[in-house]
């Protein structure tokens, strides 16, 4: 296909040490291999991805569909973030065994804990199936007709693909639907908890340090993959044995230094790097300010109540953290986009795009695109703002409104009959019980009064005094009886009567309008992606993240977030002690860790200065889904564990800039130190392969 020829041309042109991008591991030969070498890599493309021999990709697992993990021993030992394994750690915790507070370490295989529903998926091979998937798809048909043919073709491709009985497969679109790849997968479902530090280490800094550098968080946990006697995936069984991996990552004791090559290998979730300027403008000037304002109003209310009452502080700690996470991210995202002149750069790109269209005689073919984008985004503007406000008010920040939103879904289920209604009712009862575990009607009412004016002028806080849903027992009474009886009681409730018109307006007007315009934009974006690559082939084009396996390469590097400020790229244990606040849920430090610090008992994990590294920065292009991704050195060894980005660099989902964007990684020497010296789980250290790649290279050079 013409697009593939453009890709080949693009690969032959780019050979410099550029950074940024989330690259498909099966397509690294050429440009990417040369760029990595220029950055200091000693790895070949086949070292990273090879379907006939063991390679790095065989050690990288998709952890429960939302994070990344890596195999670090020949016995299937698995490493990921503490926050990725948090729900499993929590599920095994109790008052008698509080693994969140105290940590957990299995001292032998028998003590490792199974986790129902948890899985890790590896990529067996990747195949380009673009020609087959797009066969018989003309440009002249509607987007709905196009997707119907693509779906039919995809089913045919899967049916014709030969795989082992225990393998799975999926087809994913790339470059906005211009290219398609098939992934053959291997999913393991017997995953057992091996170890986790206490939250005072695994979540150190918690909300305050979130998206912030310098960071001092030991964000890691350990699991183990089990397989059947044939080393194949199997459901949990006492007869299963530790998995023998095709490849596992050795761990470097030499650590990192500024300028070192780093490669992050994982499953990034979602990016949008090729949007037109008008889209970035809408995000920064309309969407983000509205969502930030609503969350800021909710957080201010929570803060007042949490400071005045310890019970409320405990009840709302998790909610506050969840709401604050993206509130803080969006603020940093806007600042980063402004600092990097993202909109102006997009406009300059579009001017050059238009100029080259005319020069190459392609203005008739693609000249309509930018004007069409302007028109579509103008139509979308009021709809997207109302949609985002609705989501913030009725789904994310106010619990009574969230209850009402779910109850309307239950009422709609009644149209499908009693069976569907009863199933929906069971789900809402479970949700109500979950909400009311940590619910305070006074706090929720105050949040309602603060945020509802940002959605409508029709604000009636009296509903809190009249509704039956601010109390679990009375709420459950409403849901007793037949379908007809429940709906009668529900529609008589003051909060439901107040909320229902807003929700029905959303489903009948806002959402259909949004989907219609968004479909138009998606169709334009597909053509625009193809046009960019055809008209300006010397630009760098990597496919946006879509939860498929990618590599991103860069270097260990500090950064200057603002005038007269420069951040060094490595943090140390000294910083943990400096931040220490006794009994503070964010900055408390376990006594044993303080004792190890006082004794400077770091073992073999200190750096050349005698200090213990905790975290480091890199220029790797990461996003959600890269949590738990390995940071791999120039030789293919594990040196770090990715877990976050710096505040100013969160805009990398739309505009990666190597001067600003930094990912944050736990130094593996800190992980080893905690396992060895703090947890005294030396049997886990013994099963890893610890190496000195830098020392070995120096010795080899000296021999020559």
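The values are calculated or read from the model by the stated rules, or taken from the named source; none is laboratory data. Keep in mind that this is a model prediction, so the values were computed, not measured. Backbone-built Cβ (ideal geometry, glycine too); neighbour counts: all protein chains shown.
Between 43, 78, which is surrounded by 19 or more Cβ atoms within 10 Å (Cβ to Cβ), more than 18 Å from the chain's Cα centre (by Cα) and not in a loop (DSSP other than H, G, I, E, B)? Going through 43, 78 in turn, just one is surrounded by 19 or more Cβ atoms within 10 Å (Cβ to Cβ), more than 18 Å from the chain's Cα centre (by Cα) and not in a loop (DSSP other than H, G, I, E, B): 78.
Number of residues in the stretch 201-251 that are in contact with a strand residue (DSSP E or B) (Cβ under 6 Å, 6 or more places away or on another chain), within 17 Å of residue 74 (Cβ to Cβ) and part of a loop (DSSP other than H, G, I, E, B): the value is 6. Against the definition (in contact (Cβ under 8 Å) with a residue 24 or more places away in the chain, in contact with a helix residue (DSSP H, G or I) (Cβ under 7 Å, 6 or more places away or on another chain) and closer than 30 Å to residue 544 by Cβ), how does residue 171 come out, yes or no? The answer is yes for residue 171. One residue is enough: does the stretch 163-174 have a residue meeting the conditions modelled with pLDDT of 95 or more, under 21 Å from the mean Cα position of the chain (by Cα) and in a helix (DSSP H, G or I)? Among the residues of the stretch 163-174, not one is modelled with pLDDT of 95 or more, under 21 Å from the mean Cα position of the chain (by Cα) and in a helix (DSSP H, G or I), which makes the answer no.
Quick one: in the stretch 647-670, which of the residues that are farther than 19 Å from residue 544 by Cα and touching a helix residue (DSSP H, G or I) at 6+ places or on another chain (Cβ under 8 Å) is surrounded by the most Cβ atoms within 10 Å (Cβ to Cβ)? Selected residue: 670.
Please work out which one of (1) assigned to a helix (DSSP H, G or I); (2) over 25 Å from residue 419 (Cβ atoms); (3) in contact with a helix residue (DSSP H, G or I) (Cβ under 7 Å, 6 or more places away or on another chain) is the condition residue 538 fails and give its number. Residue 538 satisfies every listed condition except (1).
Being at pLDDT 95 or above and either over 24 Å from residue 658 (Cβ atoms) or part of a loop (DSSP other than H, G, I, E, B) (or both) is a property that holds for residue 597.
Number of residues in the stretch 48-75 that are in contact with a strand residue (DSSP E or B) (Cβ under 6 Å, 6 or more places away or on another chain), closer than 24 Å to residue 675 by Cβ and not in a strand (DSSP E or B) equals 3. In the stretch 472-488 there is no residue that is closer than 20 Å to residue 392 by Cα, out of contact with any strand residue (DSSP E or B) (no Cβ under 7 Å at 6 or more places or on another chain), crowded, with 19+ Cβ neighbours inside 10 Å and in contact (Cβ under 8 Å) with a residue 24 or more places away in the chain.
Filter the stretch 686-704 down to residues that are assigned to a helix (DSSP H, G or I) and under 31 Å from the mean Cα position of the chain (by Cα) and give me whichever is modelled with the highest pLDDT.
Of everything passing the filter in the stretch 686-704, 687 is modelled with the highest pLDDT.
Taking the numbered list (1) over 26 Å from the mean Cα position of the chain (by Cα); (2) in contact (Cβ under 8 Å) with a residue 40 or more places away in the chain in turn, residue 122 passes all entries but (1).
When residue 578 is tested against (1) within 30 Å of residue 180 (Cβ to Cβ); (2) over 27 Å from the mean Cα position of the chain (by Cα); (3) modelled with pLDDT of 95 or more; (4) surrounded by fewer than 20 Cβ atoms within 10 Å (Cβ to Cβ), only condition (1) is not met. Does residue 206 satisfy the criteria of being surrounded by fewer than 16 Cβ atoms within 10 Å (Cβ to Cβ), touching a helix residue (DSSP H, G or I) at 6+ places or on another chain (Cβ under 9 Å) and modelled with pLDDT under 95? Answer is no for this residue.
The number of residues in the stretch 81-102 that are crowded, with 18+ Cβ neighbours inside 10 Å and within 21 Å of residue 240 (Cα to Cα) comes to 1. When the residues of the stretch 417-462 are filtered to those that are within 14 Å of residue 406 (Cα to Cα) and buried (at least 17 other Cβ atoms within 10 Å of the Cβ), which remaining residue is nearest to the chain's Cα centre (by Cα)? Filtering the stretch 417-462 for residues that are within 14 Å of residue 406 (Cα to Cα) and buried (at least 17 other Cβ atoms within 10 Å of the Cβ), the one nearest to the chain's Cα centre (by Cα) comes out as 435. Among the conditions (1) more than 29 Å from residue 475 (Cα to Cα); (2) crowded, with 17+ Cβ neighbours inside 10 Å; (3) within 25 Å of the chain's Cα centre (by Cα), residue 353 misses just one, which is (3). Search the stretch 556-575 for residues being crowded, with 16+ Cβ neighbours inside 10 Å and in a loop (DSSP other than H, G, I, E, B), and hand back the single one that is modelled with the lowest pLDDT. Here the residue is 561. Pairing residues of the stretch 65-87 that are in contact (Cβ under 8 Å) with a residue 12 or more places away in the chain and at positive phi with residues that are in a strand (DSSP E or B) and surrounded by fewer than 21 Cβ atoms within 10 Å (Cβ to Cβ), at Cβ distances under 6 Å and at least 6 apart in sequence or on separate chains, gives 76/242.
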